[in-house]
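Structure record follows, encoded as C-alpha cells.
The values are calculated or read from the model by the stated rules, or taken from the named source; none is laboratory data. It should be emphasised that the depicted structure is a prediction, and the values quoted were computed from it without experimental measurement. Here Cβ is always computed from backbone atoms with ideal geometry, including for glycine, and neighbour counts include all displayed protein chains. To get the accessible areas, we keep the full protein, side chains included, count just its heavy atoms, and leave off ligands, DNA and RNA. Shrake-Rupley method; radii C 1.70, N 1.55, O 1.52, S 1.80 Å.
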Amino acid sequence: MDLQMQVVYVLLALALGIIFIARRVEKIGSKLPPGPWGLPVIGNLHQLGAKPHQSLAKLALKYGPVMSLELGQVTTIVISSAAAAKQVLQKQDHLFANRAVPDSVNACNHAESVIWLPLSPRWRDLRKVINSEIFSGRKMEASVFLRQQKVEELSADVRASCEQGKGVLIGEAAFKTTLNLLSTMIFSMNLDSEKARDFKRSFSKVMELGGKPNMVDYFPWLRRFDPQGIRAQMEVEFSKMLAFLDSVISERLALRAEQGSAYQNKDALDTLLDISETSMEINGEDIRQLLVGSLVAGTDTTSSVVEWAMSEIMKNRDIMFKAKDELERVAGKGKPIQDADIASLPYLKAVVKETLRMHPPAPLLLPRKNVVETELCEYMIPKGAQIYVNAWAIGRDPGTWEDPESFNPERFLDSDVDFRGTDFELIPFGAGRRICPGLPLAFKMVHLMLGSLINCFDWKLEGGAKPEDIDMDEKFGITLQKTQPLHAIPSVI
C-alpha cells in the first residue's frame, strides 16, 4: 500500500472517530431517552440480530420502556411498556401518527397507499372509505354468508386430506382461506384460478422481500443506489400484481358500461368505482393501491395467528380438550362454527387473546415517526425519529402479566382486557388513528377458522411426534412466522 493510500485511510478513520465521539457527546448532552452506545457508522445495528423484537425487549430491560438507538443514521425510539405505548398511540397520537416509510414500498407508488400516507385530508378520505365501505359493521353483516362459505371450503379441503391420509400445513390452509375471502369480498373472484396464479406468486414474493432487512432504511443516502436491489425486485412484483388488478378493473368497467342502469353493485370494487365516479374522494390510482394494500395487509396476519394458536393448543392438550368441549356444546360436535356462535365461546376467545399476547402478528407494529420535536415521558424525541412500539415485549411484560412465558388462556376468562385498541397491554393490531382497519374482519375470521379446525377434526403430529416436540421458534418478517411451519394430520370427528 503506497503512502498516499495510507494517509487516506488514516484520515477516514479519524473522521469516523470524530463523528462517533461527537454523536456520543451529543447524546450525553441531550434529553434523548437512554440507550446502548453504538459503534461508529453502524450505530446499534449489530444489536438487532435476526429477531429484533426479542433483542430490543432484552435491551429495554436494561435501558427502560422508552429507549433510544442509532440504527445507522436513523435515530430510533423503542416503546416497550403499556404506559408508554398509551402516550404514543393515544395521548399524543396526533404527534406520532405519521409513518416511517420503508424504501421498498416506494416501488410502483405503493407509498401513496393509505397504509403509508402521512396524516392529511387525503389520508382521512381514504381511511373513511375503507372504514365505511370495506370493513364497516354493515359490510361485515352483509358478508356473513360469504365467510361461512369460505370456512366450509376450508373444512372440505381438510376433509379431503383426511381421505387421502395427508397432513395439512395449517398456516397455508388459513392463508388460502383468508385470501380467497378477501378477493371475493373485494372483486368477486377466488385467487385459485389460472389467471390469478401469477398474482399469488408475486404476492408471496412481496411478503418475502418486505421482511428482509434493507440497508437503505438505515442509510438513506443509499436510496439512489438500492444496493440490495430490494426496491427493484419489489417494482417487478408490484407491477405484476397491479397489471392483474388493472385487468380486473377494466373488465368490471366494461361490464358496468354494457349493462348500464341494469347493473347491480355486488362487491367492494363496485363501491369504490361508484365513489370515484361521483366524488373526488378517490381516483383510479387510489383504488389500485387500496386493493393491493387490503390483500397484503389482511392475509398473512390472519393466517399467522391461526397457525400460532393451533401450535399452542396442540402443544397443550388440556387447552385443546377445553376448547373442544365448549365448541361441541355451542356449535354441535363436528360442525363448522358460525358468526353467531362467537359471542357464546368465551374460552375460544381467550385462546385467541392469549395467542395474540404471545405471538402478535406484527411484533413491532408498523414504524411511526414524529412530525415535530416532542416531549415524551420526560424525554425529548427529535423531529423525524423512527418510533417502534414493541407489542411483543408489551405482551410479555412481567410487570403486567403473571407468568408471561406460559400459554394460559384462563388469564382472560375473568378479564375485560381486549385487543381492539383501548387496552394498551394488548395491542397486536395497534391503536389510535393508525389501528388496523381490517380488525373487524380479522376478529371474525380467526375465530371462525380456528374454531372450525378444532371442532371438526382431531389432530396429531407426523411420525408419532409428541406435543412437546412442536417447534415454537419464531422467524421475524413482515409478520411473525413459525420457523418450522405446523404440519399436522387431521382425522374427521
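Scan (1) touching a residue at least 12 places away in the same chain (Cβ under 8 Å); (2) among the charged types (D, E, K, R); (3) within 24 Å of K51 (Cβ to Cβ) for the single condition E462 breaks and write down its number.
Just one mismatch for E462, condition (3).
Given region 105-183, what helices (runs of 4 or more DSSP H) lie entirely inside it while holding 2 or more residues that are open to solvent by less than 50 Å² (accessible area, probe 1.4 Å) and without any contact (Cβ under 8 Å) to a residue 60 or more places away in the chain? First the steps, then the outcome.
Details: elements: 121-133, 137-142, 144-164.
Per the criteria, 121-133, 144-164.
Can we say Y347 is open to solvent by 40 Å² or more (accessible area, probe 1.4 Å), among the aromatic types (F, W, Y) and at pLDDT 95 or above? Please lay out each step first, then the result.
Details: open to solvent by 40 Å² or more (accessible area, probe 1.4 Å): no; among the aromatic types (F, W, Y): yes; at pLDDT 95 or above: yes.
Answer is no for this residue.
Filter region 229-242 down to the residues that are over 30 Å from A385 (Cβ atoms) and either in a loop (DSSP other than H, G, I, E, B) or open to solvent by 60 Å² or more (accessible area, probe 1.4 Å) (or both) and list them by number. Write out each step before concluding.
Filtering region 229-242 for residues over 30 Å from A385 (Cβ atoms) gives 236-237, 239-242.
The answer is V236, K240.
I'd like the residue in region 305-327 that is in a helix (DSSP H, G or I) and out of contact with any helix residue (DSSP H, G or I) (no Cβ under 7 Å at 6 or more places or on another chain) and, out of all such residues, is nearest to R357 (Cα to Cα). Spell out the reasoning first.
Of the residues in region 305-327, the ones in a helix (DSSP H, G or I) are 305-315, 317-327.
Applying the additional criterion that residues be out of contact with any helix residue (DSSP H, G or I) (no Cβ under 7 Å at 6 or more places or on another chain) yields 311, 318, 321, 325.
Numbers: S311: 14, D318: 19, F321: 21, D325: 23 Å.
So, considering only residues that are in a helix (DSSP H, G or I) and out of contact with any helix residue (DSSP H, G or I) (no Cβ under 7 Å at 6 or more places or on another chain), the one nearest to R357 (Cα to Cα) is S311.
Residues of region 358-379 being open to solvent by less than 60 Å² (accessible area, probe 1.4 Å) and under 21 Å from A297 (Cβ atoms), which ones?
H359, P360, P361, A362, P363, L364, L365, P367, R368
Scanning region 330-344 for residues that are touching a Ser or Thr at 6+ places or on another chain (Cβ under 9 Å) and not small (G, A, S), which turns out most open to solvent (accessible area, probe 1.4 Å)?
Of region 330-344, the ones touching a Ser or Thr at 6+ places or on another chain (Cβ under 9 Å) are 330-331, 335-337.
From what is left, the residues that are not small (G, A, S) are 330, 335-337.
Details: V330: 50, K335: 113, P336: 35, I337: 0 Å².
Selected residue: K335.
Which of (1) out of contact with any His (no Cβ under 6 Å at 6 or more places or on another chain); (2) in contact (Cβ under 8 Å) with a residue 40 or more places away in the chain does W392 not meet, given it meets every other one?
Of everything listed in (1) out of contact with any His (no Cβ under 6 Å at 6 or more places or on another chain); (2) in contact (Cβ under 8 Å) with a residue 40 or more places away in the chain, W392 misses just condition (1).
With the condition kept exactly as written, say whether any residue in region 453-474 is surrounded by 17 or more Cβ atoms within 10 Å (Cβ to Cβ), part of a helix (DSSP H, G or I) and either under 18 Å from the mean Cα position of the chain (by Cα) or not aliphatic (A, V, I, L, M) (or both).
Keep residues of region 453-474 that are surrounded by 17 or more Cβ atoms within 10 Å (Cβ to Cβ), which gives 453-457, 459, 461, 470, 474.
This time we only want the ones that are part of a helix (DSSP H, G or I), so: 453-456.
Checking the rest, the ones that are also either under 18 Å from the mean Cα position of the chain (by Cα) or not aliphatic (A, V, I, L, M) (or both) come to 455-456.
Checking region 453-474: at least one residue is surrounded by 17 or more Cβ atoms within 10 Å (Cβ to Cβ), part of a helix (DSSP H, G or I) and either under 18 Å from the mean Cα position of the chain (by Cα) or not aliphatic (A, V, I, L, M) (or both).
May I ask you to verify whether D274 is farther than 24 Å from T479 by Cα and open to solvent by less than 30 Å² (accessible area, probe 1.4 Å)?
Details: farther than 24 Å from T479 by Cα: yes; open to solvent by less than 30 Å² (accessible area, probe 1.4 Å): no.
Considered against the rule, which asks whether it is farther than 24 Å from T479 by Cα and open to solvent by less than 30 Å² (accessible area, probe 1.4 Å), D274 comes out as no.
For the subset of region 419-441 comprising residues that are assigned to a helix (DSSP H, G or I) and open to solvent by less than 40 Å² (accessible area, probe 1.4 Å), which member is farthest from S120 (Cα to Cα)?
Initial filter on region 419-441 (assigned to a helix (DSSP H, G or I)): 432-434, 439-441.
The next check asks that each one be open to solvent by less than 40 Å² (accessible area, probe 1.4 Å); those that pass are 432, 434, 439, 441.
Details: G432: 15, R434: 13, L439: 22, L441: 26 Å.
Among those residues, the one meeting the criterion is L441.
Across region 83-104, what is the total count of residues that are open to solvent by 20 Å² or more (accessible area, probe 1.4 Å) and farther than 14 Å from D217 by Cβ?
Selection size over region 83-104: 9.
Which number in (1) touching a residue at least 24 places away in the same chain (Cβ under 8 Å); (2) surrounded by 13 or more Cβ atoms within 10 Å (Cβ to Cβ); (3) not aliphatic (A, V, I, L, M) marks the one condition that P220 misses?
For P220, the failing item is (2).
State whether the residues of region 81-98 include one that is in contact with a strand residue (DSSP E or B) (Cβ under 7 Å, 6 or more places away or on another chain) and under 21 Å from I230 (Cβ atoms).
No, region 81-98 contains no residue that is in contact with a strand residue (DSSP E or B) (Cβ under 7 Å, 6 or more places away or on another chain) and under 21 Å from I230 (Cβ atoms).
Taking the options E405, E373, E378, name whichever one is closer than 16 Å to E474 by Cα and among the acidic types (D, E).
On the way: E373 fails: closer than 16 Å to E474 by Cα; E378 fails: closer than 16 Å to E474 by Cα.
After applying the criteria, what remains is E405.
So which residues in region 478-493 are in a loop (DSSP other than H, G, I, E, B) and touching a Lys or Arg at 6+ places or on another chain (Cβ under 8 Å), if there are any at all? Give the steps one after another, and end with the answer.
Initial filter on region 478-493 (in a loop (DSSP other than H, G, I, E, B)): 478-480, 483-486, 493.
Across region 478-493, the qualifying residues are T483, I493.
Among the residues in region 317-324, are any modelled with pLDDT under 95 and over 24 Å from the mean Cα position of the chain (by Cα)?
Our first condition is that a residue be modelled with pLDDT under 95; within region 317-324, this holds for 317.
Then drop every residue that is not over 24 Å from the mean Cα position of the chain (by Cα), which leaves 317.
Yes, that holds for at least one residue.
Considering every residue within region 205-223, establish whether at least one is touching a Phe, Trp or Tyr at 6+ places or on another chain (Cβ under 8 Å), part of a helix (DSSP H, G or I) and at pLDDT below 90.
Yes, region 205-223 has at least one match.
Using the structure shown, decide if A257 is farther than 22 Å from V296 by Cα and in a helix (DSSP H, G or I). Steps first, please.
Numbers: farther than 22 Å from V296 by Cα: yes; in a helix (DSSP H, G or I): yes.
Yes, satisfied.
Being part of a loop (DSSP other than H, G, I, E, B) and in contact (Cβ under 8 Å) with a residue 24 or more places away in the chain is true for just one of D286, D226, D300, D246. Which residue is that? If you could, list the steps in order and put the result at the bottom.
Values: D286 fails: part of a loop (DSSP other than H, G, I, E, B); D300 fails: part of a loop (DSSP other than H, G, I, E, B); D246 fails: part of a loop (DSSP other than H, G, I, E, B).
Being part of a loop (DSSP other than H, G, I, E, B) and in contact (Cβ under 8 Å) with a residue 24 or more places away in the chain holds for just one of D286, D226, D300, D246, which is D226.
Which ones in region 184-200 are without any contact (Cβ under 8 Å) to a residue 24 or more places away in the chain and loosely packed, with under 15 Cβ neighbours inside 10 Å?
From region 184-200, those without any contact (Cβ under 8 Å) to a residue 24 or more places away in the chain are 190-194, 197, 200; that's our starting set.
Once the filter is applied, which keeps residues that are without any contact (Cβ under 8 Å) to a residue 24 or more places away in the chain and loosely packed, with under 15 Cβ neighbours inside 10 Å, region 184-200 yields N190, D192, S193, E194, R197.
Residues are listed down the side, and each one gets a yes or a no for (1) farther than 21 Å from P34 by Cα; (2) part of a loop (DSSP other than H, G, I, E, B):
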{"position": "V352", "(1), (2)": "yes, no"}
{"position": "R357", "(1), (2)": "yes, no"}
{"position": "Y388", "(1), (2)": "no, no"}
{"position": "A393", "(1), (2)": "no, no"}
{"position": "W401", "(1), (2)": "yes, yes"}
{"position": "P404", "(1), (2)": "yes, yes"}
{"position": "D414", "(1), (2)": "yes, yes"}
